[in-house]
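This is the structure I want to talk about, given as C-alpha cells.
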Amino acid sequence: MEEPLAVAVVGASGYTGAELLRLLLVHPRIRIASICADRAAGKRIDEVFPQFRGRLDMPIAEFDPAAIAGTAQLVFTALPHGHSARAVDALRQRDLKVIDLSADFRLDRASVYEEWYASADELSHPAVGRLAEAVYGLPELHRERIRTANLVAAPGCYPTSAILASAPLLHGGLVEASGIVVDSKSGVSGAGRSPGLATHFPELGEGIRPYKIAGTHRHTPEIEQELSKLARGDVSLSFTPHLVPMSRGILSCVYARPTDSSRNARVYQEAFEKYYENEPFVSVLGPDALPDTSFVRGSNRVHLAVRYDARAKLVVAIAAIDNLCKGSSGQALQCCNLMQGWPEDMGLEAVAAFP
C-alpha cells in the first residue's frame with residue numbers, strides 16, 4: 001500500500017491555514033506531519049481552532065525549515081506576502097515541493113510585484129530567483145504545468161473568480177481586451193483573521209462597501225496578467241471589490257464589450273460550455289439560473305453564468321466561489337493532487353454546505 005504523503009502547513013493560525021487543515025484531514029492519501037505558526041507556537045491546533053477538537057490536537061511549532069524537511073515531502077505556506085517568499089526559498093533550498101498561498105510568486109515579473117507590494121522597508125522581491133520556477137496554480141488554465149511543478153503559486157480569491165468568468169470570452173476573442181470591468185463582492189474572511197476596524201462586525205454589518213477602487217487593489221495586475229495570456233495581448237480592466245457582511249463567498253460580475261455585437265446570447269453560452277466541458281469543479285449554469293454564493297459554500301466548486309445584454313451591447317459573466325476553498329485552500333489542494341498524479345478531485349468531493 002502506498003505510503004501517505006507527509007505534508008506541513010506553515011501559517012496555520014489564519015483562516016486559510018485552518019481551511020487547509022480541514023481539507024487535509026479527510027484526504028485519503030495525505031498525512032499532516034507538522035503545523036507551524038509563529039504567533040501560536042506552543043499551543044495545540046485545537047486550542048486555536050476548536051473545530052478540530054477530537055480530530056486534530058497536534059502542537060503548533062515555530063517555522064524551522066530544517067525540521068520540516070525532516071518530516072514532510074510537500075509544504076503549504078500560508079503567510080503574509082514578503083514573509084512567505086523567504087520561507088518558500090528556505091524550503092526550496094531543501095528540495096521540498098511547495099504550494100504557496102501568498103501573493104509572492106503569482107506575478108511573473110519582479111518589477112510588477114515591487115510596484116504593487118513593495119513596502120517602505122522592503123523595496124525588492126525577497127526571493128526574485130524563484131519567480132521563474134513558480135507556476136500559477138489555476139488548474140483550469142495551467143493544469144499540465146502544475147503537474148510537473150515544484151513550486152506552485154496558488155491564485156488569489158478575487159482573481160480566481162474574475163479569471164474563470166472571463167477566460168472563455170478572451171480566449172475565444174469574443175470580447176474586447178480593453179475596458180473590462182470586474183465588480184466583486186467578498187465575505188469578510190478574505191481580509192484575514194487579524195482584527196481591524198474595517199472588518200469589525202458592528203462597522204460592517206447591515207452595509208456593503210467598496211474599497212481600493214480605480215486600479216488600486218493589488219489583485220488587479222494578477223488578473224490582467226493571466227487574462228492577457230488568454231487574449232494573446234494586453235488586457236486592461238477596472239477592478240472594484242466590495243466587502244459584504246457575510247463570512248465567506250465571492251460573487252464576481254465581469255462586464256465586457258463584444259467584438260461583434262451581432263452575436264446572440266447562445267454564442268456566449270456555448271463558448272462557456274465548450275471551454276469548461278471537462279472541468280471537474282466548474283458548473284456552467286443554463287439560461288434560467290444565476291450563481292449564488294450560498295450554493296458553493298465550503299466546496300471547491302465554481303458556478304458560472306454568462307448573459308448578453310443586447311440593448312447595452314455588453315457581455316456579462318458571473319462567477320460564484322467560496323473564497324476560502326476554491327479561492328484559496330481547496331484550490332491549493334487541487335494543485336497538490338495534480339503534482340502527485342492523483343485524481344484531481346481527491347479529498348475535494350464534498351457538496352456545498354447549505355443552508
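The values are calculated or read from the model by the stated rules, or taken from the named source; none is laboratory data. This structure is a prediction, so every number in the text was calculated from the model and none was measured. Note: ideal-geometry Cβ built from the backbone for every residue, glycine included; neighbour counts use all protein chains shown.
Take the residues in segment 276-318 that are assigned to a strand (DSSP E or B) and β-branched (Val, Ile, Thr); name whichever of them is nearest to Pro258 (Cα to Cα). Write out each step before concluding.
To start, the set of residues in segment 276-318 that are assigned to a strand (DSSP E or B) comprises 282-284, 302-309, 314-318.
When the remaining residues are screened for being β-branched (Val, Ile, Thr), the result is 282, 284, 302, 306, 315-316, 318.
Numbers: Val282: 23, Val284: 20, Val302: 24, Val306: 13, Val315: 6, Val316: 10, Ile318: 16 Å.
Step by step, filter segment 276-318, then rank; the result is Val315.
Also, quick follow-up: Tell me the residue from Leu107, Leu164, Leu138, Leu131 that is surrounded by 22 or more Cβ atoms within 10 Å (Cβ to Cβ), touching a helix residue (DSSP H, G or I) at 6+ places or on another chain (Cβ under 7 Å) and farther than 30 Å from Leu290 by Cα, please.
Answer to the check: Leu107.
Answer with yes or no whether Arg92 is modelled with pLDDT under 95 and outside any loop (DSSP other than H, G, I, E, B). Lay out the reasoning, then the answer.
On the way: modelled with pLDDT under 95: no; outside any loop (DSSP other than H, G, I, E, B): yes.
No, not satisfied.
Which members of segment 306-337 meet the condition of being surrounded by fewer than 24 Cβ atoms within 10 Å (Cβ to Cβ) and either more than 16 Å from the chain's Cα centre (by Cα) or modelled with pLDDT under 95 (or both)?
Arg307, Tyr308, Asp309, Ala310, Arg311, Ala312, Lys313, Leu314, Val316, Ile318, listed by residue number.
Name the single residue, out of those in segment 181-234 being aliphatic (A, V, I, L, M) and under 19 Å from Thr293 (Cα atoms), that is nearest to the chain's Cα centre (by Cα).
Once the filter is applied, the top-ranked residue is Ala191.
Within segment 186-237, track down each residue that is of a type in the set (A, V, I, L, M, F, W, C), more than 22 Å from Leu170 (Cα to Cα) and touching an Asp or Glu at 6+ places or on another chain (Cβ under 9 Å).
Leu197
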